[in-house]
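J.: Once you've had a glance at the structure underneath, I'll fire off some questions.
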Amino acid sequence: MSHRLDEAFARASGRAALIGYLPAGFPTARDSVRLINAMVDAGVDIIEVGLPYSDPLMDGPDIQQAVDIALRGGTTTDVVLTTVAEVTRAGATALVMSYWNPIERYGVDRFATGLADAGGVGVITPDLTPEEAGDWVEATDASGLGRVFLVAPSSSDARIEVVAGMCTGFVYAASTMGVTGVRASVGSGARELVERTRARTLLPVAVGIGVSSGAQAREVAQYANGVIVGSAFVRCILQAADATEAERAVGSLARELSEGVRGR
Amino acid sequence: MTSSTQAATRPVTGSGHYGPYGGRFVPEALIAALDQLDAAFRAAVADPSFTERLDLLHRDYTGRPNPLTQARRFAEHCGGARVYLKREDLNHTGSHKINNVLGQALLADAMGKRRVIAETGAGQHGVATATAAALLGLECTVYMGEEDTHRQALNVARMRLLGAEVVPVTVGSRTLKDAINEAMRDWVTSVDRTHYILGTVTGPAPFPELVRHFHAVIGREARAQVLQAEGRLPDAVVACVGGGSNAMGLFSAFIDDPQVQLRGYEAGGDGVETGRHAARFAAGAPGVLHGARTYVMQDEWGQTVPSHSISAGLDYPGVGPEHAWLHDTGRAVYQPVNDAEAMEAFQLLCRTEGIIPAIETAHALAGAMRLGAELGPDAVILVNLSGRGDKDVATAARWFGFDLGAGVDAGLGVSAARDAELAEGR
């Protein structure tokens, strides 16, 4: 329920929430649950479970590779919902991040109901624009899911008002004009985008794309309500020699980021 | 049906919907650029000097109007119907693709964008884009699936000769669909100074409407030419449908003439029943791909299923949203044509008319043979000869078992994998 998203941001009281992304089924269905639990144990406040899709046009090479592995491993929408249920049982607050076609194909109402039943708190839809979201608004309202759309540095003020007005839970501010991926610095337009968004909504504003280190998390946490990290976690796993090392690397990055959002 | 047909011909300005199809399903970062493009397009359409500039380019550079050729000997294989070929193959760069590319390159110029990018499958759209970029002094990058760079090595060389950077795409299925993903990723990163010249009537609004607009010249010319030749409208207009731009350009002039059948032929590959095809209407379902709702080849979970066709230009799992709407309303009829059937038509046209068509186009020719048999000798059939087959010589030689010699093979770039595939398909 979206009030559970509100609670997650409230729990972070006075600091930015840390939001960590990992695709379901990556590197395997069982390991992704274990790795997500490790992220939560190490201080990640909200988990974004990726629904692997064949044509992820907003994602850079790391996430493309990860979802490719997940799809080849047989990850389906049902596996994603099961993953959400399992990590929720272990104590996580979990959202799903999904491109639109898999949701439409599964059935908009069926997906929203299934996710709510699994304990999921919301959905980020990176390629669904508010203009196309009629059915989705009804379905998420009915099931109490948070509905997160994106704003970008190129969004006009009027556009931000429309997009933010359609969101519940929080607004996702894309820091950079570009695809997901680890970058040396967070886009300089991110702070301005957060300020422009905050002037038009009471919802928390979380910044994603390009945040990968404790120092970057600390910087973003000074002006945003949430810090979203994806590719950096994925890369830990892609580079690890085995499951144990992956879990250690993910935990260590989560602790570093968690210190970062606490200003340490 | 009249009202729904009209809806298909006239999308709501700015919303880009054709019934339930079309729209915009893209990252928010692209919305401002699509709005800018939409505004530039509408300003250009209303500006007589833009149209004049484009018309002059078409006359002096592309070689328009191109002729309508009556195919008398080929027609004997089409139930004796009178068959006319709209000769887009005679355009500069060898296909209809140049119509859209020149229009969009002028739009890029008008928007002050000095870099253009494009995706390409068979290479025809990439070559056309590289050509327009050279003509207007624009920087040009073309994304092409690695698999297609092997199939169409000659076109890769042409693009490089024209000064374009060709980026082989090594992710996903390494074909046209992945080239579009990569072009979108480039665009979202570089949109301030880059225009994406999308090559067909797919993608987010306003692309389907805009690309159709620039190809409508095909239909306008063909309509006048067939009226002059026959004193009446044709019974059917026929085109191959990958993304569907040549078909949309032709159909657009006849949609409001209910007595003219609109026939689109998509790639049946090894046969729809084998699963190795690109038959979106025969075997796909409504969904969202590359920014628009349309018919998509997808599995039960909404994952895109890789397409297959001997023709790289039809090897695409989606189709333009206006075609989806024309299909649902029944205004146009779409059927699959298998590789073998297309290659038979390919050879027939070579030998009866002295015209080597693109393999994409051969699907439309096979459709005309089927349709002619159905309509009989009194029928007039207009086929869009969308491209010439120079680029396909190696593939065709392989298919028909000619020995090109190893050196020639390497030069024409038929990959070993492709050879094996073709051998299997025989």
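J.: For the condition open to solvent by less than 30 Å² (accessible area, probe 1.4 Å) and either farther than 23 Å from residue A:140 by Cα or more than 8 Å from every other protein chain (Cβ to nearest Cβ) (or both), what is the one hit in A:79, A:84? Working first, answer last.
T.: Values: A:79 fails: open to solvent by less than 30 Å² (accessible area, probe 1.4 Å).
Going through A:79, A:84 in turn, the sole match is A:84.
J.: Let me ask another. All but one of (1) away from chain B (no Cβ under 11 Å); (2) within 19 Å of the chain's Cα centre (by Cα) hold for residue A:199; which doesn't?
T.: Only one criterion in (1) away from chain B (no Cβ under 11 Å); (2) within 19 Å of the chain's Cα centre (by Cα) is unmet by residue A:199, namely (2).
J.: Could you figure out which of (1) in contact with a helix residue (DSSP H, G or I) (Cβ under 7 Å, 6 or more places away or on another chain); (2) part of a helix (DSSP H, G or I) isn't true of residue A:75?
T.: Going through the list (1) in contact with a helix residue (DSSP H, G or I) (Cβ under 7 Å, 6 or more places away or on another chain); (2) part of a helix (DSSP H, G or I), residue A:75 breaks only (2).
This table checks each residue for (1) within 14 Å of another protein chain (Cβ to nearest Cβ); (2) farther than 23 Å from residue A:9 by Cα; (3) crowded, with 19+ Cβ neighbours inside 10 Å.
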{"site": "A:189", "(1), (2), (3)": "yes, yes, no"}
{"site": "A:215", "(1), (2), (3)": "no, no, no"}
{"site": "A:225", "(1), (2), (3)": "no, no, yes"}
{"site": "A:257", "(1), (2), (3)": "no, no, yes"}
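J.: Exactly one condition in (1) within 14 Å of chain A (Cβ to nearest Cβ); (2) open to solvent by 10 Å² or more (accessible area, probe 1.4 Å) is false for residue B:168; which is it?
T.: Residue B:168 satisfies every listed condition except (1).
J.: Across region B:374-390, what is the total count of residues that are surrounded by fewer than 24 Cβ atoms within 10 Å (Cβ to Cβ) and small (Gly, Ala, Ser)?
T.: Adding up the residues that qualify gives 3.
J.: Scan B:178, B:235, B:257, B:270 and give me the residue that is more than 14 Å from chain A (Cβ to nearest Cβ) and touching a Gly at 6+ places or on another chain (Cβ under 7 Å).
T.: Just one listed residue meets the conditions, B:270.
J.: Separate question: So, in region B:282-320, exactly how many residues are of a type in the set (Phe, Trp, Tyr) and either more than 11 Å from chain A (Cβ to nearest Cβ) or in contact with a Cys (Cβ under 6 Å, 6 or more places away or on another chain) (or both)?
T.: 2
J.: If you don't mind, another one. Which of the residues belonging to region A:223-248 are more than 22 Å from residue A:52 (Cα to Cα) and without any contact (Cβ under 8 Å) to a residue 24 or more places away in the chain?
T.: Within region A:223-248, A:241, A:244, A:245, A:248 meet the criteria.
J.: On to the next question. Might you check whether a residue that is open to solvent by 10 Å² or more (accessible area, probe 1.4 Å), without any contact (Cβ under 8 Å) to a residue 40 or more places away in the chain and in contact with an Asp or Glu (Cβ under 6 Å, 6 or more places away or on another chain) occurs anywhere in region B:179-188?
T.: no
J.: Still on this structure: May I ask you to verify whether residue B:169 is among the hydrophobic types (A, V, I, L, M, F, W, C), over 22 Å from residue B:39 (Cβ atoms) and out of contact with any Leu (no Cβ under 6 Å at 6 or more places or on another chain)?
T.: yes
J.: Quick test of your reading of the structure: residue A:181 fulfils all but one of (1) at positive phi; (2) away from chain B (no Cβ under 13 Å). Name the failing condition by number.
T.: The failed condition is (2).
J.: Right, something else. Among (1) at pLDDT below 95; (2) acidic (Asp, Glu); (3) farther than 27 Å from residue B:394 by Cβ, where does residue B:300 come up short?
T.: Going through (1) at pLDDT below 95; (2) acidic (Asp, Glu); (3) farther than 27 Å from residue B:394 by Cβ one by one, residue B:300 breaks only (1).
J.: Name the residues in region A:36-63 that are part of a helix (DSSP H, G or I) and crowded, with 24+ Cβ neighbours inside 10 Å, would you? Can you show your working first?
T.: Of the residues in region A:36-63, the ones part of a helix (DSSP H, G or I) are A:36-41, A:61-63.
Passing the criteria: A:36, A:39, A:63.
J.: Give me a count of the residues in region A:166-190 that are out of contact with any strand residue (DSSP E or B) (no Cβ under 8 Å at 6 or more places or on another chain) and modelled with pLDDT of 95 or more.
T.: Number of matching residues: 0.
J.: Would you mind stating whether residue B:238 is farther than 28 Å from residue B:136 by Cα and touching a strand residue (DSSP E or B) at 6+ places or on another chain (Cβ under 6 Å)?
T.: Answer is yes for this residue.
J.: Could you please find all residues in region A:64-76 being open to solvent by 10 Å² or more (accessible area, probe 1.4 Å) and touching a residue at least 60 places away in the same chain (Cβ under 8 Å)?
T.: A:65 - this is the single residue of region A:64-76 that is open to solvent by 10 Å² or more (accessible area, probe 1.4 Å) and touching a residue at least 60 places away in the same chain (Cβ under 8 Å).
J.: Moving to a separate point now. Cβ-Cβ under 7 Å, sequence separation 6+ or interchain: first residue in region B:224-243 and within 20 Å of residue B:378 (Cβ to Cβ), partner open to solvent by less than 60 Å² (accessible area, probe 1.4 Å) and among the acidic types (Asp, Glu). Which pairs?
T.: Note: pairs meeting the criteria are B:233/B:257.
J.: Are any of the residues in region A:36-49 away from chain B (no Cβ under 14 Å) and closer than 19 Å to residue B:303 by Cα?
T.: Kept after step one, since they are away from chain B (no Cβ under 14 Å), are these residues of region A:36-49: A:36-49.
Subset that is closer than 19 Å to residue B:303 by Cα: A:49.
Yes: region A:36-49 contains one or more residues that are away from chain B (no Cβ under 14 Å) and closer than 19 Å to residue B:303 by Cα.
J.: Further question on the same structure: Please go through region A:156-196 and give me each residue that is of a type outside the set (Val, Ile, Thr) and under 16 Å from the mean Cα position of the chain (by Cα), ordered by number.
T.: A:167, A:169, A:170, A:172, A:173, A:174, A:175, A:181
J.: With region B:26-101 as the region, which helices (runs of 4 or more DSSP H) entirely inside it contain at least 1 residues that are within 14 Å of another protein chain (Cβ to nearest Cβ), open to solvent by less than 10 Å² (accessible area, probe 1.4 Å) and in contact with a helix residue (DSSP H, G or I) (Cβ under 9 Å, 6 or more places away or on another chain)?
T.: Answer list for region B:26-101: B:31-46.
The values are calculated or read from the model by the stated rules, or taken from the named source; none is laboratory data. In this text the structure is predicted, and so the values were computed from the model without any measurement. Methodologically, a virtual Cβ is constructed for each residue, glycine included, from the backbone with ideal geometry; neighbour enumeration extends over all protein chains shown. For the accessible areas, the whole protein counts, side chains as well, though only heavy atoms, and no ligand, DNA or RNA atoms are used. Shrake-Rupley method; radii C 1.70, N 1.55, O 1.52, S 1.80 Å.
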